[in-house]
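See structure below.
The values are calculated or read from the model by the stated rules, or taken from the named source; none is laboratory data. Source: prediction; values computed, not measured. So basically every Cβ, Gly included, is an ideal-geometry build from the backbone, and we count neighbours across all protein chains shown.
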Amino acid sequence: MAQNLKEVKPMVFTTVHACLRKYMKRIVGAGMELKGIKKALFFWALQLGKKYDNAIDQGVWYNYSLAIANKIIFNKLEGSLGAM
């Protein structure tokens, strides 16, 4: 499925929880294989993403941290899903 998403590059798609869980398992598995600062940054960004709530403003520091995580980590994950 991941390869098809890269090829088609959808803006929106419907899926079931099981597919997302499987994809997340692959993402975390890839993060576990990283070493040093890359691994630390990956899991820092993952924890930051778990705190994300679009409904509330979480402050300047959180927004700044999220912008950094988007630039160095999340954009690579989006690319693997096909989002642009």
Counting only residues in segment 1-39 that are β-branched (V, I, T), outside any loop (DSSP other than H, G, I, E, B) and free of Cβ contacts under 8 Å to residues at least 24 places away in the same chain, the one nearest to I72 (Cα to Cα) is identified as I37
Q.
Q47 - would you say it is modelled with pLDDT of 85 or more and among the polar types (S, T, N, Q)?
A. yes
Just to be sure, is A45 closer than 17 Å to Y23 by Cβ and aliphatic (A, V, I, L, M)? yes
Screening K25, K9, K38, K50 for residues that are surrounded by 11 or more Cβ atoms within 10 Å (Cβ to Cβ) and either β-branched (V, I, T) or under 15 Å from the mean Cα position of the chain (by Cα) (or both) leaves only K38
